[in-house]
Amino acid sequence: MNNTIKKQIELKAPVSRVWRALTDYREFGAWFRVKLDAPFQPGKASRGRITYPGYEHIQWEATVQKMEPERLFSFTWHPYAIDPAVDYSNEPETLVEFRLEPKDGGTVLFLTESGFDAIPKERQFEAFRMNDGGWTEQMTNIERHVQSPA
């Protein structure tokens, strides 16, 4: 069982544009497909509703960990917590980190989600598998978002 998901993409957009797409709650919601209630703040929970078709019944919640301007945005959450009948609050969370590096006028975006080894054994494989596929799609979504005209 892998403990960490890693993704990387080169974006044809400056670091400032990618940073805004990650940390402005409305922009994040547009490409991530979630309607968030309020701006991101380190140490605070961020809540909203998933808007992705078929998952609209799911409440989105994450706790913002770090916001180091134009360098690092991170949060913790319960991975693949999609069953509204299950209380995931006593489970460990995974750490999601977005790291940005400038490259040739664009940005390399590194995504890491770690901590799957602490997730209950009966959920580990499915949570990892679904989030791995989900992050592949989200990297395409943010690419489309930051490279389209504003």
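The values are calculated or read from the model by the stated rules, or taken from the named source; none is laboratory data. All values reported here derive from a predicted model rather than from experimental measurement. All Cβ positions, even for glycine, are placed from backbone atoms using ideal geometry, and neighbour counts span all protein chains on display. Keep in mind that these areas ignore ligands, DNA and RNA; they rest on the heavy atoms of the full protein, side chains included. Shrake-Rupley method; radii C 1.70, N 1.55, O 1.52, S 1.80 Å.
Just to be sure before I move on: is E61 among the charged types (D, E, K, R) and closer than 20 Å to K6 by Cα in the structure I sent? No: the conditions fail for E61. Within segment 20-35, the set of residues being open to solvent by less than 50 Å² (accessible area, probe 1.4 Å) and more than 30 Å from E122 (Cβ to Cβ) comprises A21, L22, T23, D24, Y25, E27, F28, G29, W31.
Tell me whether segment 49-68 contains one or more residues that are more than 13 Å from H145 (Cα to Cα), touching a residue at least 40 places away in the same chain (Cβ under 8 Å), assigned to a strand (DSSP E or B) and not charged (D, E, K, R). Even if it seems obvious, please write down each step before you answer.
So in segment 49-68, the residues more than 13 Å from H145 (Cα to Cα) come out as 49-68.
Filter once more, so that each one left must be touching a residue at least 40 places away in the same chain (Cβ under 8 Å): 67.
Applying the additional criterion that residues be assigned to a strand (DSSP E or B) yields 67.
Then keep just the ones that are not charged (D, E, K, R); that gives 67.
Among the residues of segment 49-68, at least one is more than 13 Å from H145 (Cα to Cα), touching a residue at least 40 places away in the same chain (Cβ under 8 Å), assigned to a strand (DSSP E or B) and not charged (D, E, K, R), which makes the answer yes.
Within segment 3-19, take every residue that is touching a helix residue (DSSP H, G or I) at 6+ places or on another chain (Cβ under 6 Å) and open to solvent by 20 Å² or more (accessible area, probe 1.4 Å) and give me the one that is modelled with the lowest pLDDT.
To start, the set of residues in segment 3-19 that are touching a helix residue (DSSP H, G or I) at 6+ places or on another chain (Cβ under 6 Å) comprises 3, 5, 7, 9, 11-13, 17-18.
Still in the running and open to solvent by 20 Å² or more (accessible area, probe 1.4 Å): 3, 7, 9, 12, 17.
Working: N3: 93, K7: 98, I9: 98, K12: 97, R17: 97.
Restricting to residues being touching a helix residue (DSSP H, G or I) at 6+ places or on another chain (Cβ under 6 Å) and open to solvent by 20 Å² or more (accessible area, probe 1.4 Å), the top hit is N3.
For segment 82-119, the set of residues classified as at pLDDT below 95 and surrounded by 14 or more Cβ atoms within 10 Å (Cβ to Cβ) consists of I82 only.
Before we move on, is E10 touching a Ser or Thr at 6+ places or on another chain (Cβ under 9 Å) and part of a loop (DSSP other than H, G, I, E, B)?
On the way: touching a Ser or Thr at 6+ places or on another chain (Cβ under 9 Å): yes; part of a loop (DSSP other than H, G, I, E, B): no.
In short, no.
Among residues of segment 122-150 being open to solvent by 20 Å² or more (accessible area, probe 1.4 Å) and of a type in the set (G, A, S), the one that is farthest from R17 (Cα to Cα) is G133.
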